[in-house]
Amino acid sequence: MATDEISRPPGRVPGVRALLVGTLGAAAIGAGVPYCNMVLQGSRIASYFNTPAAIILFFVLVLMVNTGVGLVRRSSMLSQGEMALIYIMWIVATAIPEFGLTQFLLPDITAIIYFATPENAWLDTLLPFIPDWIIPDHRMDAIKGFYEGHAEGTAIPWDLWLKPLTYWAPFVLSLYLAMISSMSILRKQWVDQERLIFPLAQLALAMTEEGEGKRRPLLGPLFRNPLLWLGFAVPAVLQTINGLNPYFPFMPRIYWGTQIDLFGGTVSIPLRLSFQMLGFSYFINKDIALGLVFFYLLNTVQQGIFNTLGLQEVDAVLGPYSSYTGTIIVHQGFGAMMMLVVFGLWTARRHLKGVWLAAIGRAGGADDSGEIMSYRAAVLVLVGSLVFMGVWLFQSGLPGWITPIYVGLAFLLFIGITRVVAEGGVAFIFAPMVASDFVAAGFGTQALGGTGVLALAFTYVWASDILTFVMAAAANGLKLATETIARNRRIVFWGMLLAIVATLVSSVWAIVILAYEYGGINTDGFFFNYVNRLPFQNAAARLGALEGPHWINWLYTWMGAVVMGLLMFAQKRWLWWPLHPLGFPISAVFGTMFFSVLMAWVLKTVVLKYGGPKLYMATKPFFLGLILGQFVTAGFWLLVSEFTGIPGGYNYLSGYF
């Protein structure tokens, strides 16, 4: 073992070494996530904002790899800033290969050909409205091999994918650049001025702490705290028992969950506990947690009353991602989400003015020395990316006058959900209503026409089932960078960009290879035999009955916006106001998290009342352990599935106990 330096060297500024490790890890995530889904068929480790794939890989890096390096030469260990940059790259990467984009993209652009039948007549009624460049050539044999597997010894037809991916790649890069630049513009407002908590970043912050003293310890203070391992053991033991069941059927599977039925069983309140959600929720402010719980219960009662009165109708023009409950509720949530963003931008008006002045080089501009991009670059990239996206969507068939409206609504929705994640730590969340459905219902399918209807169908790839996306990962990453990287933060932008490119390439490569080897519909039926058909089923229904605007939906939207505005005004104006309004826009989609957040609120209330801030700080490692234990155990059983050849069968990350 080499001799360590007498004194502790200063932490390294992230550089080439961190970029290299981050890029390799991002490529591994991009290829590994599809493999886990399509072959191992176990826990989905890239589905939600909690980024399990990044945390599992980071746990191995920090606890095993970096410690191993330290045993040889302490001064060669990754510094906190280097580890932070690597983690940022990995959470960005985790937001791409599954629900974020790639596992939607390839099945969606081929479904119109593969699933066309004489009965649905898609080739006659839908295909004429689709530009040739947006989908692969109509080579049924090659597309059939993607879904059913190709004959042994047959080469993968890479040329089939070259044309559409060449057109999709710049659009996707523009989307991600717009997301990153918008978060760079808002970072100072959210992190420095409003001081949002960013609960999903707390685990990485704790894992990268180096401790104090002249000589750097091999393990940071978090890993030396027994409470971490006590919390780790709770989900680890339970999930290990469940993991043994496929190998030893006499072993029970532990599952606890019940529900409270209300209004004659038309609505219910689920009582299910997720250890990771309990852990994340322990770090949010009590008033936010109370607001999340209260508005969910209020929305449940509202839905029950609507069901009883027969008001819970679903607008036929809405697609599957906006019809999980009644039309009034989803438009109410959409309006509230829009108000959340607009009110937040109004609150940030002074900062945004400073950003603009800095971008145009005028006096009084905001200081951007601590940002990952200069404000001039951020504004130019944001505007340029949005314009490119608009032109691309227009060329895909969306009417010119609707295009900027759609792009604006989609990005307001992305920003709103990112705000909910950053402030409320809500890992399992999706939009109350997607932008494409609001446009279709609010402006009418007649205004869209056939080309517009099909153009919106292809937005399902990146703006429909938005359970995770790069903007939220970038926001959490910027919080981490603020706390850990004192100098040279501009490298974070390049790290994010490298992670995006590496993940896109590796995930597309993996999905194509695995699909042709195993047959897509034999691997992951959700992406290959279900959600990829929804855009075209919805488009066919809309084309069959083109309609004008549904004006009543605008009333529901404004009702939600006005209520949200009043709630935000009360929260800002009156210190005694107990209910944070963050839970109102997502109240209809919060059910699976309700009990976990309620338990976290109760536990935190008791801890603060009887032990104060000191006890709260002392108990944090236990709740971080709950998160880490659930993730790492899921990763362990995926590894077991790989070596045994027995599919996981149980999703340890969506399971509740």
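Looking at (i) 0.95; (ii) 1.09; (iii) 1.14, which value of Rg/Rh (Cα atoms, Kirkwood Rh) comes from a calculation on the structure shown?
Checking each listed value against the structure points to (i).
Any lysines with Cα under 19 Å of the K286 Cα? List them, leaving off those in the same chain fewer than 8 positions away.
Output for K286: K572, K604, K609, K614, K620.
Please list, ordered by chain and number, the residues whose modelled amide H lies under 5 Å from the amide H of S268; skip anything fewer than 5 residues away on the same chain.
L262
When only Cα pairs under 8 Å and 6 or more residues apart are kept, what is the percent relative contact order across the range 282-332?
Working: 21 pairs, mean separation 12.9, N = 51.
So the answer I get is 25 percent.
For a test of the definition: using alpha carbon positions, the gyration tensor, and the 1.5 limit on a/c, classify the range 405-525 as rounded, prolate or oblate.
Since a/c reaches 1.5 but b/c is at least a/b, the shape of the range 405-525 is classed as oblate.
Do you know the relative contact order of the range 335-440, to the nearest whole percent, from alpha carbon pairs under 8 angstrom that are 6+ apart?
Values: 64 pairs, mean separation 24.3, N = 106.
Over the range 335-440, the number comes to 23 percent.
Translational diffusion coefficient of the range 350-480 at 10 °C, 1.306 mPa s, Stokes-Einstein with Kirkwood Rh over Cα pairs, in µm²/s as a whole number.
Estimated via Stokes-Einstein, D reaches 96 µm²/s.
Tell me which aspartates and glutamates have Cα within less than 13 Å of K144's Cα, excluding those fewer than 8 residues away on the same chain?
E517
Within straight cross-link reach of K188, meaning Cα distance under 15 Å, which aspartates and glutamates are found once same-chain residues fewer than 8 apart are removed?
D367, D368, E371, E423, E483
Kindly provide the helix-only [θ] at 222 nm of the chain, computed as the sum of -39,500 (n - 2.57) over DSSP H runs of four or more divided by all residues, to the nearest 500 deg cm²/dmol?
So the helix-based figure for the chain works out to -20500 deg cm²/dmol.
Of L309, L175, L273, which has the most accessible area and how do the rest follow, probe 1.4 Å?
Details: L309 115, L175 5, L273 35 Å².
I get L309, L273, L175, largest accessible area first.
Between the range 568-592 and the range 156-216, what's the alpha-carbon centroid distance in Å?
27
Between the range 397-476 and the range 282-328, what is the separation of their alpha carbon centroids in Å?
Centre-to-centre (Cα) distance: 19 Å.
Taking the Cβ of F527 as the centre, find all other residues whose Cβ is under 14 Å away and add up their charges (Lys, Arg: +1; Asp, Glu: -1). Write out the running numbers ahead of the final one.
Details: positive: R44, R533; negative: E98, D108, D465, D524.
That sum, taken over residues with Cβ under 14 Å, equals -2.
Taking all protein chains in place and a 1.4 Å probe, what share, in percent, of the accessible surface of the range 27-129 do carbon and sulfur account for?
Details: 1740 of 2610 Å².
Percent of accessible area from carbon and sulfur atoms in the range 27-129: 67.
The values are calculated or read from the model by the stated rules, or taken from the named source; none is laboratory data. On a predicted model such as this, the values are computed, not experimentally measured, just so you know. Note that we place each Cβ from the backbone using ideal geometry, even for glycine, and neighbour counts take in every protein chain shown. In case anyone asks, the SASA skips ligands and DNA or RNA and just uses the protein heavy atoms, side chains included. Shrake-Rupley method; radii C 1.70, N 1.55, O 1.52, S 1.80 Å.
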